[in-house]
1. Specify, per residue and in Å³, the volume enclosed by the convex hull of the alpha carbon atoms belonging to the chain.
2. Divide, for the range 99-150, the radius of gyration over alpha carbons by 2.2 N^0.38 Å, where N is the residue count.
3. Who wins for biggest fluctuation among Gly15, Gly135, Gly25 in a Gaussian network model of the chain, springs between alpha carbons below 10 Å?
4. Kindly flag which residue pairs out of Lys7/Lys76; Lys7/Lys108; Lys108/Lys134; Lys104/Lys143 have an alpha-carbon separation exceeding 23 Å in this structure.
5. How many nm separate the modelled label positions at Arg53 and Lys101, each set 7 Å beyond the Cα in the direction of the Cβ?
6. Which semi-axis lengths, in whole Å and largest first, follow from the square roots of five times the eigenvalues of the Cα gyration tensor of the range 20-106?
7. Per DSSP H run of n ≥ 4, the term is -39500 (n - 2.57); total these for the chain, divide by its residue number, and report the mean residue ellipticity at 222 nm rounded to 500 deg cm²/dmol.
8. R0 = 25 Å: FRET efficiency of Phe82 with Ile131, Cβ-based, nearest 0.05?
Amino acid sequence: MSCDLPKFIVDFMLGKLARNLRLLGLDTVYVRHLNRKDILTRSLEEERILLTRSHNFPKRSNIYVIETDNPLEQTKEVVKVFKLSPNPFTRCAVCNLSIEKVNKEDVKEKVPPFVFKTQNEFARCAGCGRIYWKGTHYENIRKMIGEIMGG
Ligand SMILES: [Zn+2]
């Protein structure tokens, strides 16, 4: 078995799942507007597993139909089914790009003073410029991972 993480593409019904998967460090494309045929084509071209709530796709091995409506349960389901090990704090939740560690001094003007004072590790998304740090948000992610992996 390869240790490469699978990549995903999710359809418009699964926006929260897409965000959760990105927070777990998984390469996840979220499509809002493409039609089914386009989504399917893209999933094959980019070798992504297609996650959907719809049973209307043709039966194919790279398509997985999510069974529940609850985003946390959906995330749990995907992690379990694809035997994923989360790697949080590595990917931008907004644009799905890898985030890079940056020097603390470089973000001084870009984060709230309290955050700058209390945090030492920062990372930045090359796409949107968003700065990530291991604050409250990160604790929420850890809690989510705990819930996903714990049950
Ligand atoms: Zn970004």
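Derivation of every value follows stated rules applied to the coordinates shown; laboratory data play no part. Everything quoted here is computed from the prediction, not taken from an experiment. Don't worry about glycine lacking a Cβ; one is built from the backbone with ideal geometry, like all the others, and counts go over all protein chains shown.
1. Values: hull volume 19.2 nm³, N = 151.
Value for the chain: 127 Å³ per residue.
2. On the way: Rg = 12.4 Å, N = 52, 2.2 N^0.38 = 9.9 Å.
Against the compact-globule rule of thumb, the ratio is 1.25.
3. Gly135
4. Numbers: Lys7/Lys76 16 Å; Lys7/Lys108 34 Å; Lys108/Lys134 15 Å; Lys104/Lys143 25 Å.
In this structure, Lys7/Lys108; Lys104/Lys143 lie more than 23 Å apart at Cα.
5. Simple spin-label model gives 3.9 nm for this pair.
6. Working: eigenvalues 141, 52, 25 Å².
Gyration-tensor ellipsoid for the range 20-106: 27, 16, 11 Å.
7. Details: 5 runs with 51 residues, N = 151.
The per-residue figure over the chain is -10000 deg cm²/dmol.
8. Values: r = 30 Å, r/R0 = 1.19.
In this case the efficiency is close to 0.25.
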